[in-house]
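Take a look at the structure set out below.
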Amino acid sequence: MTSRNPAQPPGRAERPDGAPRATRLRTLRLALPGRPALSLRWDPRATAVCAALLLAAAATGVWTLTTGDFRIPVPDVLRVLAGDGNPAYSYIVEELRLPRLLTALLTGAALGLSGALFQSVARNPLGSPDVIGFTVGSATGALVAILVLSAGAASVAVGSVAGCAVTSAAVYLLAWRRGAAAFRLVLVGIGVSALLSSANAYLIAKASFTDAQSAQVWLTGSLNGRGWEHVGTMGAALAVLAPAALLLARPLRMLEMGEDTASALGVRTERAKAWALVTGVGLTALATAVAGPVPFVALVAPQVARRLTRSPGPGLLPSAALGALVLAVSDITAQRMLAPTQLPVGVLTGVVGGCYLVWVLARQWRAGQG
């Protein structure tokens, strides 16, 4: 027999993070002639949060396109986007500012989505690719391509993907003991992350000054000089991997109730976790290849999205929308805060994410003491 907190309203359950969990979902039925009716379950609060985040990201994008050393009025920016603008404005918007903005939005969405997948599998707010070493492994592969092989941009992307894949496989196998337990994934990942960070420092120390300087800027996470080729890479990655992630939403929601419960409900737990890890690794690796190991977006976005939506499950779409907004806002802040000097975007996300991580750890410590 279970007891309920009298102060807790009926129809809602508490999550480990203390936020209430909504249990009422709406069902939308579509009746098609000659076919069985289709039903879609949706959460009104989560839908409203996604819509608000997307509107905020769109407003941030328009503001970003107007801001810079050469300011462009909003009506002129909108005319350029509609294909009927001044040629000078069109060059600035379409060739200089828009590719960087779209790269920030797509990369942030990929990081937020991957963070939601990893945290759901680990059932731990610290189970993000930044903390468990996947981002660091991706950076190691890219650094080997840059500093050892003197490779071009395409080879750097391949090295980033390969480094992330090898690191994730190593973490998964080292954590395996009749299954990959969530707490072992986090602990092994932290150890592997520390080891690879030392390897990255060694590679930079042995490189020439010029190569080490450019590699260090890339390691911080930067969107400087990003063009349409980076937009194409991230757009293709999300077009393939985002639908795959959404197909995993239901089994991941079951897994959050516990592996035994999920197995009883027909979920193949190890298979679902493996596919979630593969999808998250792809998103993390390609995001790192495009923008470098931007810290803390994958850690912060899923947790804040859960607190905003207050709904069960991994919250994939809200996490992606919030990741896009966070990285876009961080990038324009990094560009204009010390203008004309442009900071790497990773500096801003590192400061914000570090403060958030300290708050999470302090909150969990207080909860444990209580």
Conditions (1) open to solvent by 20 Å² or more (accessible area, probe 1.4 Å); (2) over 18 Å from PRO243 (Cα atoms): number failed by THR309 = (1)
Which is under 13 Å from the mean Cα position of the chain (by Cα), open to solvent by 40 Å² or more (accessible area, probe 1.4 Å) and of a type outside the set (Phe, Trp, Tyr), of VAL352, VAL326, VAL297, VAL347?
-> VAL326
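For the stretch 136-178, how many residues meet the condition of being closer than 18 Å to ILE204 by Cα and crowded, with 18+ Cβ neighbours inside 10 Å? Don't jump to the end; show me each part of the working.
As a first pass, look at the stretch 136-178 and keep what is closer than 18 Å to ILE204 by Cα: 136-152, 156, 159-160, 163.
Retained after the next criterion (residues that are crowded, with 18+ Cβ neighbours inside 10 Å): 136-147, 156, 159-160, 163.
Counting residues in the stretch 136-178 that are closer than 18 Å to ILE204 by Cα and crowded, with 18+ Cβ neighbours inside 10 Å gives 16.
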Just for the stretch 102-130: of the residues that are open to solvent by less than 10 Å² (accessible area, probe 1.4 Å) and either in contact with a strand residue (DSSP E or B) (Cβ under 8 Å, 6 or more places away or on another chain) or in a loop (DSSP other than H, G, I, E, B) (or both), which one is farthest from GLY350 (Cα to Cα)?
-> GLY127
For residues that are among the hydrophobic types (A, V, I, L, M, F, W, C) and open to solvent by 80 Å² or more (accessible area, probe 1.4 Å), tally how many sit in the stretch 78-101.
-> 4
Kindly indicate which of ALA162, ALA151, ALA157 is at pLDDT 85 or above and either under 30 Å from ALA276 (Cβ atoms) or not in a helix (DSSP H, G or I) (or both).
-> ALA162
Per the filter on the stretch 194-219, residues under 30 Å from GLY68 (Cα atoms), open to solvent by less than 40 Å² (accessible area, probe 1.4 Å) and not aromatic (Phe, Trp, Tyr) are ALA212, ALA215, LEU219
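Which residues, taken from the stretch 221-257, are assigned to a loop (DSSP other than H, G, I, E, B) and open to solvent by less than 60 Å² (accessible area, probe 1.4 Å)?
Here is the first cut: in the stretch 221-257, the residues assigned to a loop (DSSP other than H, G, I, E, B) are 221-227, 248, 256-257.
Answer for the stretch 221-257, where residues must be assigned to a loop (DSSP other than H, G, I, E, B) and open to solvent by less than 60 Å² (accessible area, probe 1.4 Å): GLY221, SER222, LEU223, ASN224, ARG226, GLY227, LEU248, GLU256.
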Evaluation of ARG123 against (1) at pLDDT 85 or above; (2) at positive phi (one fails), failing number = (1)
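Give the residue that is most open to solvent (accessible area, probe 1.4 Å), with candidates limited to residues of the stretch 258-285 that are basic (Lys, Arg) and part of a helix (DSSP H, G or I). It would help to see each step written out before you state the result.
Within the stretch 258-285, the first condition is being basic (Lys, Arg), and the residues that meet it are 268, 271, 273.
With part of a helix (DSSP H, G or I) added as a condition, the list becomes 271, 273.
Values: ARG271: 131, LYS273: 5 Å².
So the residue we want is ARG271.
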Filtering the stretch 310-330 down to residues that are part of a helix (DSSP H, G or I) and either small (Gly, Ala, Ser) or more than 20 Å from SER114 (Cα to Cα) (or both) yields SER319, ALA320, ALA321, GLY323, ALA324, ALA328, SER330
Which members of the stretch 65-77 meet the condition of being in a loop (DSSP other than H, G, I, E, B), exposed (fewer than 13 other Cβ atoms within 10 Å of the Cβ) and of a type outside the set (A, V, I, L, M, F, W, C)?
-> ASP69, ARG71, PRO73
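The values are calculated or read from the model by the stated rules, or taken from the named source; none is laboratory data. None of the values given here were measured: they were computed from a predicted structure. All Cβ positions, glycine included, derive from the backbone under ideal geometry; neighbour counts span all protein chains shown. Side chains are part of the model used for accessible areas, which takes the heavy atoms of the whole protein and leaves out ligands, DNA and RNA. Shrake-Rupley method; radii C 1.70, N 1.55, O 1.52, S 1.80 Å.
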